[in-house]
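K.L.:
Next up is a structure, given as structure tokens.
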Amino acid sequence: MSKANLNTSIRMDAADHALGAASTITTLMKEVSSLIPHAGPLASALGVTKELISIVNQMRDNKDQCSFLIERILRILKDVAKESARLKEPIRDGSPTADRLNELISAIKEIKKDAEAWKNTSRLDRFWSRDKIKAAIFKHEKSLTDCLASFT
């Protein structure tokens, strides 16, 4: 394979991956939206997640890693919404589940704050901060894992 074909192939794989992630997020968002009532802690968590998606869609770098975080958030929300529907019990403010959702919302807001900062940073600054950004993404992954564990 020539170098030109190899470069095109690699770029296509990355583009395909990005499109696949976007498709997964879109599908999950539709599924979660259909499960969540229009009020309550689940709706609040979904609203903050939509804000995060908007920011990530404007990013040039670290988009894949942030999309992975969004996918995890949506899967957590989907599981909680399905469990609430299965129990035929809404999540009430002040309940243990609402408290755990508030922790998740705080974690989403932290991701959103960092994503906003990364989006507004110059390409050179993002390059020099890549290790710091990688560490922050890892921290957010751990935070989401902890949130998920709190629901199980």
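The values are calculated or read from the model by the stated rules, or taken from the named source; none is laboratory data. What you are looking at is a predicted structure, and each value in this text was computed from that prediction instead of being measured. All Cβ positions, even for glycine, are placed from backbone atoms using ideal geometry, and neighbour counts span all protein chains on display. Only protein heavy atoms, including side chains, enter the accessible area calculation; ligands, DNA and RNA are left aside. Shrake-Rupley method; radii C 1.70, N 1.55, O 1.52, S 1.80 Å.
K.L.:
More than 17 angstrom separation, counting every C-alpha pair in the range 33-108; what % is that?
P.N.:
Pairs farther apart than 17 Å: 43 percent.
K.L.:
Run the paramagnetic zone check for E51: 7 angstrom along Cα to Cβ, then residues of the range 70-114 with backbone nitrogen under 15 Å.
P.N.:
102-114
K.L.:
Calculate the spin-label point distance for S150 paired with K109, positioning each point 7 Å from the Cα along the beta-carbon direction, and give it in nanometres.
P.N.:
Taking the two extended label points, one gets 1.3 nm.
K.L.:
Using only C-alpha atoms and all pairs of different ones, pull out the Kirkwood radius for the range 23-152 in Å with one decimal.
P.N.:
15.1
K.L.:
Arranged from highest to lowest average of other beta-carbon atoms within 10 Å per residue, in what order do the peptides 128-138, 51-61, 99-109 appear?
P.N.:
99-109, 51-61, 128-138
K.L.:
Over the range 61-152, what percent of the accessible surface lies on carbon and sulfur atoms, probe 1.4 Å?
P.N.:
53
K.L.:
While we're here: Could you state the accessible area per residue of the range 27-152 in Å², with a 1.4 Å probe and every protein chain left in place?
P.N.:
That works out to 59 Å² for each residue.
K.L.:
Residues of the range 54-83 with backbone nitrogen within less than 15 Å of a virtual label 7 Å along the Cα-to-Cβ line of N102, please, listed as ranges.
P.N.:
From the range 54-83, the list is empty.
K.L.:
Please go through the residue pairs K88/K112; K50/K78; K78/K139; K82/K119; K88/K109; K30/K132 and name each one whose alpha carbons sit more than 26 Å apart in this structure.
P.N.:
Listed pairs above 26 Å: K88/K112; K82/K119; K88/K109; K30/K132.
K.L.:
If I model a spin label at D125 and T27 as a point 7 Å from the Cα along the Cα→Cβ vector, what separation in nanometres do I get?
P.N.:
Those two pseudo-labels are separated by 3.7 nm.
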